[in-house]
1. Would you call F142 among the aromatic types (F, W, Y) and either outside any helix (DSSP H, G or I) or farther than 20 Å from L321 by Cα (or both)?
2. I need the helices (runs of 4 or more DSSP H) fully contained in region 151-230, keeping only those with at least 3 residues that are touching a Ser or Thr at 6+ places or on another chain (Cβ under 7 Å), open to solvent by 10 Å² or more (accessible area, probe 1.4 Å) and modelled with pLDDT of 90 or more.
3. Between a first residue in region 291-318 that is assigned to a helix (DSSP H, G or I) and a second residue that is loosely packed, with under 14 Cβ neighbours inside 10 Å, which pairs have beta carbons less than 8 Å apart while being 6 or more apart in sequence or on different chains?
4. Only one of these conditions is not met by L130: (1) surrounded by fewer than 21 Cβ atoms within 10 Å (Cβ to Cβ); (2) in contact (Cβ under 8 Å) with a residue 24 or more places away in the chain. Which number is it?
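The values are calculated or read from the model by the stated rules, or taken from the named source; none is laboratory data. Every value quoted in this text rests on a predicted model; they were computed, and no experiment measured them. Counting neighbours? That spans all protein chains shown, and the Cβs are built from the backbone with ideal geometry, glycine included. Protein only, heavy atoms only, side chains kept; ligands, DNA and RNA dropped before computing areas. Shrake-Rupley method; radii C 1.70, N 1.55, O 1.52, S 1.80 Å.
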Amino acid sequence: MSTIAASLFLTAAAPAVVRPSRVRRGAGNPPGRVVRVAATASGRASWPTAVPGLSSFRVAAVPLYKRPNTRVVTVTTHAADATAGDAPVTVADADPKKASAFVVGILWFFGHQLIGVGNDVIMKYTGSTLGVAQVVFLRFAFATLTMLPVMFLSGMESFKTDRVPLHVARSVLLAAGIGLYCYGLSSAPIAVVTTLNFTIPLFTLVMARVFLKERVDATRWIGTLAGFAGVMVVMQPGGASFNPQWLVVLLSAAMFASLDVLNKIFIGKESFWAMIFYTALFTTVIAAVPAALAWVTPTGAQLGLLAILGAGANLLLYCLLKSFSLVDASALAPFRYTELMWSAAVGALVFGEIPAISTLIGAAVIIPSTLYVVWAENQKSGKEE
């Protein structure tokens, strides 16, 4: 489930990339000299007063995650006289607190993954006795209730929105995606569900090509096709162990990818907290009718677990945002796949599910493929900047 959260809200958290500015080299700063600067996640930088001769600067668009321990970025200096030309110089922030930020960010990210796996356990357990629509309804009802204090503390302005159709569209996709995901958890081992949901970036790439008319080069198509080949290894269509019900997990991944594409269209046009709150609210409303039609009175224990599930969805997002505030989102991509380790361990301990060899082999194909797609996207972004 943490894979889904990262997918849903990745576009809302800007990566810590240094943006273009200018630097002028004076006599005290010859070409190649190393100077120190405090670079922030917002892309701004401030020069210490001890460094003379630097009145402005231009920083190349270099992701901070490439050198997280030293926060090294690259700048191009310009001589005071116009005849000297450009000369490269490295700018570093040696603040010891920055060195630990990467580790702390990764710990927050692992926390968000563990909460996500815990949410999967709750949905799998409650979904075995309650209807899928009822689980979705109660999950988002409790998520909406636990978001209310945050909204009130943020002020009444946080409730303002003029994009109700956007929230409804997001909620329809989210209700369908979570419903299919919950159904998948009831029919497949947690490790299989987690592995198949690693395909979300692959579906996103295909949909971005179809609906956003984004250019997709041959190398990224190769990565996408390789990823889906890994899906075939996990699913084993035509084999004795093939379970057609597992296809709903892939359909849920396609729903979440559609949500990603929708986010790309509307990102920046609505406040983040409003998007979270109203999406949860409208998803609750959408799931209310099918939940009522197949309502089963939940026990006190089930209500307690579903309340934890709703609160956990918001806590999961908080941990994700904390990790994004400390580490570039692209740098977190390789760590996203440790969720398979958590889900396999929890599935074995709680439900006695031992991952099949085909699941592990398929993951060994899907994970490098999606990592490659993420890398290709980062390369494309770097060239555009």
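1. Yes: the conditions hold for F142.
2. Helices (runs of 4 or more DSSP H) meeting the threshold: 164-187.
3. Filtered contacts from region 291-318: Q302/T129.
4. Of everything listed in (1) surrounded by fewer than 21 Cβ atoms within 10 Å (Cβ to Cβ); (2) in contact (Cβ under 8 Å) with a residue 24 or more places away in the chain, L130 misses just condition (1).
Per-residue answers, yes or no, for (1) closer than 21 Å to C182 by Cα; (2) not hydroxyl-bearing (S, T, Y):
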site: A280; (1), (2): yes, yes
site: P290; (1), (2): yes, yes
site: T299; (1), (2): yes, no
site: L309; (1), (2): yes, yes
site: L317; (1), (2): yes, yes
site: F324; (1), (2): no, yes
site: P334; (1), (2): no, yes
site: W342; (1), (2): yes, yes
site: A348; (1), (2): yes, yes
